[in-house]
Amino acid sequence: MEAELVALAAAGATAFVQQLAVDSWAQARDRIVSFFSRRAGEEGVIAGELETSR
């Protein structure tokens with residue numbers, strides 16, 4: 001029983017950390033795109049380049 005609880009806690013912690021990383025990347029990407037967008041319409045190009053380099 002104890003081993004199953006440890007496995008469950010580890011799986012939950014892993015999922016939690018993965019979600020934090022995804023959310024952090026989305027926020028950072030949005031801020032970088034808004035910073036480097038000089039003209040209207042460049043947002044998509046910059047966001048695409050960031051996703052490619054990720």
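The values are calculated or read from the model by the stated rules, or taken from the named source; none is laboratory data. Note that the structure is predicted; figures quoted are calculated from it, not measured. FYI the Cβ positions are ideal-geometry reconstructions off the backbone, even for glycines, and counts take in every protein chain you see. Note: areas computed on protein heavy atoms with side chains; ligands, DNA, RNA excluded. Shrake-Rupley method; radii C 1.70, N 1.55, O 1.52, S 1.80 Å.
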Handout entry: In segment 25-42, the residues that are open to solvent by 60 Å² or more (accessible area, probe 1.4 Å), over 14 Å from the mean Cα position of the chain (by Cα) and at pLDDT 80 or above
Key = Ser34, Phe35, Phe36
Exercise for the section: Write out, first by first residue and then by second, each pair whose Cβ atoms fall under 6 Å of each other, whose residues are 6+ apart or on separate chains, and whose first residue, in segment 12-37, is closer than 12 Å to Leu50 by Cα while the second is small (Gly, Ala, Ser) and surrounded by 10 or more Cβ atoms within 10 Å (Cβ to Cβ). Expected result: Val33/Ala47
